[in-house]
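The values are calculated or read from the model by the stated rules, or taken from the named source; none is laboratory data. Remember, it's a predicted structure, so these values are computed and weren't measured experimentally. Ideal geometry is used to build each Cβ from the backbone, glycine not excepted, and the neighbour counts take in all protein chains shown. Surface accessibility is based on the protein's heavy atoms, side chains included, excluding ligands, DNA and RNA. Shrake-Rupley method; radii C 1.70, N 1.55, O 1.52, S 1.80 Å.
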Amino acid sequence: MSTANVAETVGIKAIEDLLGGDARALLDHRCKGIPKDTLHLPGPDFVDRVLSPSDRPVAVLRSLQQILAHGRLAGTGYVSILPVDQGIEHSAGASFAKNPAYFDPENIVKLAIEGGCNAVASTLGVLGAVARRYAHRIPFLMKINHNEFLTYPNRYDQILFARVKQAQDMGAVAVGATIYFGSDESSRQIQEVGLAFQQAHELGLATVLWCYLRNPAFKTAEKDFHLSADLTGQANHLGTTLQADIIKQKLPENNGGYLALSTKESPYGKIDKRVYEQLAPDNPIDWTRYQVANCYLGRAGLINSGGASSGENDLKEAVRTAVINKRAGGMGLISGRKAFQRPMAEGARLLNAIQDVYLCKDVTIA
């Protein structure tokens, strides 16, 4: 039987056990800088309450509702999405050598179904290969651009691999795209994605934007500020300005990117000290709350990425990320490598563990 049909979920004790020594710090924290009652929180009525007043076409609202109404999290307002575009982004060999079954697109979609996901996100080729068999069984989210990662020497630039109309033709309900904010190519990418998202909404498709940072200067000897709350938050704000319905962002691991990059000799950006002193003090939930705030206080749902597979600690890391995202006011997780770089049954159990955090009523908004 598919795990998507299993109603039983774990309770707070199992989540606390997985979090170990981090449990109390993560589960008892309260955000004071940006109060929870100022947020547009996920819920069963999210489309009606938050999105219906917008200028989005009716068909877009229907597409978003299809995603929110599927899988183990159906009817909660939260999402668990399986993304497998790493065959292009990181090379197929690096991504699938651990589990060669996933060279076959059908197994990617099967994992999303077995794992009880709201949707499966992948490439034109992967989803198109099995669309007639599966597009009616699980919502498809088709990525339209990628970093091809084969040019020598390697370069980092998101280029269009597909067109929005191709997503509609295969039965997808949403399109996804990546922008490398902060890169030399970002101006072109912003314009391309803005046009593509306009076309997607006109065709009734929802839009999901990977709001990633990419600039060698963002990584200093002290910290990698690609994971800084202030810089990722601003990337989210730009992505929401493009009318992305859902924002995908990496979980923040530090703060102070603007402060580290800006000097008297070389000023960078603009910031207010209250971001660090009040809105996003040193706590991962507050940092992620700041990401949510930059998604128009939750009018666009924030989903955090699950990160790379690290082996034995994958389950704990996935549950920790889910707890932080949910307590910050996020909409869910989009986790790929931790799930597909292991046997399908194990991958499905990991996805279920993530979903259990969102199903657990004892894990509340901070």
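For segment 169-187, the set of residues classified as part of a helix (DSSP H, G or I) and within 22 Å of Asn294 (Cα to Cα) consists of Ser186, Ser187, listed by residue number. Residues that are farther than 19 Å from Leu203 by Cα, open to solvent by less than 70 Å² (accessible area, probe 1.4 Å) and assigned to a loop (DSSP other than H, G, I, E, B) within segment 152-167 comprise just one, Asp157. Check segment 198-205 and report whether any residue there is under 18 Å from the mean Cα position of the chain (by Cα) and under 22 Å from Tyr156 (Cβ atoms). Within segment 198-205 (the criterion being under 18 Å from the mean Cα position of the chain (by Cα) and under 22 Å from Tyr156 (Cβ atoms)), the answer is no, since none of the residues qualifies.
Within the bounds of segment 1-16, is there any residue that is closer than 30 Å to Ala135 by Cβ, under 21 Å from the mean Cα position of the chain (by Cα) and either of a type outside the set (Phe, Trp, Tyr) or not in a loop (DSSP other than H, G, I, E, B) (or both)?
Let us first name the residues in segment 1-16 that are closer than 30 Å to Ala135 by Cβ, namely 1-9.
Pick out the ones that are also under 21 Å from the mean Cα position of the chain (by Cα) and you get 4.
If we keep only those that are either of a type outside the set (Phe, Trp, Tyr) or not in a loop (DSSP other than H, G, I, E, B) (or both) as well, we get 4.
Among the residues of segment 1-16, at least one is closer than 30 Å to Ala135 by Cβ, under 21 Å from the mean Cα position of the chain (by Cα) and either of a type outside the set (Phe, Trp, Tyr) or not in a loop (DSSP other than H, G, I, E, B) (or both), which makes the answer yes.
Number of residues in segment 312-328 that are touching a Ser or Thr at 6+ places or on another chain (Cβ under 8 Å) and open to solvent by less than 10 Å² (accessible area, probe 1.4 Å): the value is 5.
Take the conditions (1) open to solvent by 20 Å² or more (accessible area, probe 1.4 Å); (2) not in a helix (DSSP H, G or I); His146 misses just one of them, which is (1). Give me a count of the residues in segment 326-366 that are among the hydrophobic types (A, V, I, L, M, F, W, C), more than 16 Å from the chain's Cα centre (by Cα) and over 19 Å from Arg289 (Cα atoms). Matching residues across segment 326-366 total 8. Screening segment 329-363 for residues that are in contact (Cβ under 8 Å) with a residue 60 or more places away in the chain, outside any loop (DSSP other than H, G, I, E, B) and not hydrophobic (A, V, I, L, M, F, W, C) and picking the one that is most open to solvent (accessible area, probe 1.4 Å) gives Arg349. Any idea how many residues of segment 124-143 are without any contact (Cβ under 8 Å) to a residue 40 or more places away in the chain and part of a loop (DSSP other than H, G, I, E, B)? Total meeting the criteria: 4. Within segment 195-203, is even one residue closer than 22 Å to Ser54 by Cα, open to solvent by 10 Å² or more (accessible area, probe 1.4 Å) and outside any helix (DSSP H, G or I)? Within segment 195-203, one or more residues are closer than 22 Å to Ser54 by Cα, open to solvent by 10 Å² or more (accessible area, probe 1.4 Å) and outside any helix (DSSP H, G or I).
Name every residue in segment 166-223 that is of a type in the set (Val, Ile, Thr) and modelled with pLDDT under 95, in order of residue number. Before you say what the answer is, go through the steps one by one.
Quick first cut of segment 166-223, residues of a type in the set (Val, Ile, Thr) only: 173, 175, 178-179, 190, 193, 207-208, 220.
The one that is of a type in the set (Val, Ile, Thr) and modelled with pLDDT under 95: Thr220.
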